[in-house]
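The values are calculated or read from the model by the stated rules, or taken from the named source; none is laboratory data. The structure displayed is predicted, hence computed values, not measured ones. Don't worry about glycine lacking a Cβ; one is built from the backbone with ideal geometry, like all the others, and counts go over all protein chains shown.
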């Protein structure tokens, strides 16, 4: 329990932006995954870096845990207040602070969402392409090292953040990086903070790379006879160096889910959703080469979505798939998980995972950002059925262990939170974890910054 004096101080300083209302606490203690909700003891809504400094200093003085909160779309229990404390909500920090059109960069407050930023940029001819599906805050996307459907062409958050403003556990405001496209000056504190999940500091501003909106955009879907053929197509497209913008594998069960939700009328077999960016001629060439590869591996002719409204409908169906899949089994809880492997091992990892699934009674649709070796399962389980939970844990552990053995990772984009802590030593080794723990203790000696996430430190 946090001391009453801390609550009194926060209430006095923030007034109506301090809350202990039950509904608000519940909202801030549960993300979108299956992890049980753990509400904080209070929520503070910040509007500036200065607000964040004050909250951090008060929490440090009272040794109270502090959990940063963006939009709550995380999937590994990142926002659970597992040790109590204060949730610091950054969703009111929604200002686009600067756009430097000639240099293709911008600076935003942490609460700006990706959709809001792109709406702000629409008239400039620029865009920010990182798209995890959910309309997440850019601070949260940075803190979890997010990626998404465009990663195969534009990279992930770690590739697109130039600099940060971070409030450290001691209350200091640290500005990392800058606007230069490259630097060799000192330790890379920006990369240290990207993916730190609020355990080292609170990100309040982000300097981001921007890109020109492409002259031409085309999307297409391709039907495959099986998952293996689809996965091998993705591998070959990547190995041939074709710069597709998006390449999303969707299995038959997922197609059934989006057919029911979005009335797309697609054959309920594996598909790849493609999108191509560039000039008209370059898009046509990319598409032709990709279709040739798909045909060699049993893929059918592309079905094109060239009108903006058709593309929007297609990608909205993909982005809403978490909820579409959830509706396949009313009353169930969705457990989304992911791994990422070297592209050459993608088909093997998927096929072996599907073989494990075939030995269970689980319904677990599969999708993947297969252009970068990343795929997801979403187990639909009865949370009160221990047999189902046990089966899901078995398949999940086997999938993660297999990915690590193949040179991959336990999480391609969901982050660690507290859901995947136990796999970090297998992936990184004990010496690496010891270095991470040393960094955590050096920067947050009181262990107040989102404790119990990434590392188990008392």
_Residue list for the stretch 136-158, filter: touching a strand residue (DSSP E or B) at 6+ places or on another chain (Cβ under 8 Å) and farther than 22 Å from residue 52 by Cβ_ = 147, 148, 149, 150, 151, 152, 153, 154
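Counting residues that are in the same structural domain as residue 229 (by TED's automatic domain parsing), more than 17 Å from residue 272 (Cβ to Cβ) and touching a helix residue (DSSP H, G or I) at 6+ places or on another chain (Cβ under 7 Å), which helices (runs of 4 or more DSSP H) fully inside the stretch 285-374 reach at least 3?
Details: elements: 308-319, 321-326, 346-358.
Result: empty, no element qualifies.
Is it fair to say residue 56 is in contact (Cβ under 8 Å) with a residue 40 or more places away in the chain, crowded, with 21+ Cβ neighbours inside 10 Å and out of contact with any helix residue (DSSP H, G or I) (no Cβ under 9 Å at 6 or more places or on another chain)? Full working, then the answer.
Numbers: in contact (Cβ under 8 Å) with a residue 40 or more places away in the chain: yes; crowded, with 21+ Cβ neighbours inside 10 Å: yes; out of contact with any helix residue (DSSP H, G or I) (no Cβ under 9 Å at 6 or more places or on another chain): yes.
For residue 56, the condition - in contact (Cβ under 8 Å) with a residue 40 or more places away in the chain, crowded, with 21+ Cβ neighbours inside 10 Å and out of contact with any helix residue (DSSP H, G or I) (no Cβ under 9 Å at 6 or more places or on another chain) - is met.
With in contact with a strand residue (DSSP E or B) (Cβ under 6 Å, 6 or more places away or on another chain) and either more than 13 Å from residue 337 (Cβ to Cβ) or crowded, with 21+ Cβ neighbours inside 10 Å (or both) as the only criterion, which of 429, 415, 419, 408 stands out?
On inspection, the qualifying residue turns out to be 408.
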*Run down 64, 42, 110 and say which single residue is at pLDDT 95 or above, within 21 Å of residue 208 (Cβ to Cβ), touching a helix residue (DSSP H, G or I) at 6+ places or on another chain (Cβ under 9 Å) and crowded, with 22+ Cβ neighbours inside 10 Å.*
110
*Of the conditions (1) over 19 Å from residue 195 (Cβ atoms); (2) at pLDDT below 95, residue 401 clears all except one; give me its number.*
(2)
*Quick one: in the stretch 67-80, of everything that is touching a strand residue (DSSP E or B) at 6+ places or on another chain (Cβ under 7 Å) and surrounded by 24 or more Cβ atoms within 10 Å (Cβ to Cβ), which residue is nearest to residue 2 (Cα to Cα)?*
67
*So residue 374 fits all but one of (1) farther than 18 Å from residue 321 by Cβ; (2) buried (at least 21 other Cβ atoms within 10 Å of the Cβ); what number is the exception?*
(1)
